[in-house]
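Below is one structure, written out as structure tokens, with a few remarks after it.
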């Protein structure tokens, strides 16, 4: 950030980014995501208002359902072998 000031391109460019991360962490929201794209050059900042705990619970439920489906599939395969 300081280098931009030294060459006169910007004044504290990007200085708010740590503040954004701090607020999102304090609120318990999912962390912001940066994405760089080229041609044309752009940087995209995605700010989500999804609660971290809700996102964690969602992933845990998805894993549980996947495990249950896998167990059902394996049970069906085992039953086929016995018939």
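The values are calculated or read from the model by the stated rules, or taken from the named source; none is laboratory data. Only a predicted model underlies this, so the values are computations on that prediction, with no experimental measurement involved. Quick reminder, even Gly has a Cβ in these numbers, built from the backbone with ideal geometry, and neighbours come from all protein chains shown.
Quick notes on this one:
- Of all residues making up segment 39-59, the number that are in contact (Cβ under 8 Å) with a residue 12 or more places away in the chain and in a strand (DSSP E or B): 3
Listed here are the residues, each with its yes/no results for (1) assigned by TED's automatic domain parsing to the domain that holds residue 16; (2) surrounded by 10 or more Cβ atoms within 10 Å (Cβ to Cβ); (3) more than 17 Å from residue 16 (Cα to Cα).
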| site | (1), (2), (3) |
| --- | --- |
| 26 | yes, no, no |
| 33 | yes, yes, no |
| 43 | yes, no, no |
| 61 | no, yes, yes |
| 65 | no, yes, yes |
